[in-house]
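Heads up: the structure comes next, in structure tokens.
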Amino acid sequence: MSKLDVKFYGIDKLQSKLNNTNLSGVRRLVAENTAQMQAGAVRRAVYHGHYEGNKFVKPTGATKRSISYQITDMGMRGIVGMGTYYSPYLELGTRYMSAQPALKPAFEVQKAIFVKDLMRMLK
């Protein structure tokens, strides 16, 4: 599964507020936003097929079907990834093909929504 790790630095204030907050709400936000990010990645996973020699091969949809998510660390971490071995080539491109990203754009959109939701909950 391809993986994108994100680390936030300088969040001491946020951590102190989280310590005083009911964590079930945070877990719910993590689960909702992870599911939304997975759905966004599936929507963006539109691939165009490829050539093998002189023959064009239509896309099978395997990568799109393999986009899944899981919730770990007692509900505090959501992971979205692709399950095909060649998904990093689709996401990042190669010297022979341009990138066709699905995970990173979905992450960028969902990151802003998650931060907004979290800040609203902590007020």
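Points to keep in mind about this one:
- Only residues that are of a type in the set (A, V, I, L, M, F, W, C), out of contact with any helix residue (DSSP H, G or I) (no Cβ under 6 Å at 6 or more places or on another chain) and closer than 30 Å to Asp117 by Cα were counted in the range 43-72, giving 1.
- Any hit, the range 93-108, residues being of a type outside the set (A, V, I, L, M), at negative phi and in contact with an Asp or Glu (Cβ under 6 Å, 6 or more places away or on another chain): yes
We did not get these values from a lab; they are worked out from the coordinates using the rules stated. Keep in mind the model is a prediction, meaning the values are calculated, not measured. Note: ideal-geometry Cβ built from the backbone for every residue, glycine included; neighbour counts use all protein chains shown.
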